[in-house]
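Enquirer: Quick one: the structure is below, and I'll ask about it shortly.
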Amino acid sequence: MNDIENPVLKEVVTNENPMKEWLINYVGETQKPPDGCVTVEMIVDTMTKEFPEFLMALAEENWIRGYQQAIADVEEGEKLIREELQTRVSKPKPKRKKGKKK
């Protein structure tokens, strides 16, 4: 893929609520990490194998939102360019002093 690593994937997950506790226990039993710590990456790996449609729904939603944001950014950029051009066109040109030509 690419050489960029997401540091969030290496974060150890803590069981702050019943769902996290269940998920951490499940992934821990499935992956059997040597240190007993479950990371976000391990959860993603397990979800990829056992519940891919859930991750696909998240990925698709994320892609759509990113695409919409990109379009909004382009539209805003075009608006700013139009405003700047309009400002430049509507500024009165400085009057030349009448005098002798050199």
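Enquirer: At a 10 Å Cβ-Cβ cut-off, how would you order Asp45, Asp35, Asp73, Asp3, fewest neighbours first? Mind dumping the intermediate values first?
Expert: Numbers: Asp45 15, Asp35 7, Asp73 10, Asp3 4.
If I rank by nearby Cβ atoms, fewest first, I get Asp3, Asp35, Asp73, Asp45.
Enquirer: Please work out the ratio of the alpha-carbon Rg of the chain to 2.2 N^0.38 Å and round it to two decimals. Please report the intermediate quantities before stating the final value.
Expert: Working: Rg = 28.0 Å, N = 102, 2.2 N^0.38 = 12.8 Å.
Compared with the compact-globule rule of thumb, the chain sits at 2.20.
Enquirer: Given Cα pairs under 8 Å that are at least 6 residues apart, what percent is the relative contact order of the chain? Before the final figure, lay out the partial values.
Expert: Values: 40 pairs, mean separation 19.1, N = 102.
Relative contact order, the chain: 19 percent.
Enquirer: Something else: Would you compute, for the Cα atoms of region 1-50, the largest minus smallest coordinate along each principal axis and list the three values in descending order, in whole Å?
Expert: In descending order, the Cα extents are 34, 21, 21 Å.
Taken together, the values in this text are just the output of simple stated rules run on the coordinates, not laboratory data. All of these numbers come straight from a predicted model, not from anything done at the bench. Ideal geometry is used to build each Cβ from the backbone, glycine not excepted, and the neighbour counts take in all protein chains shown.
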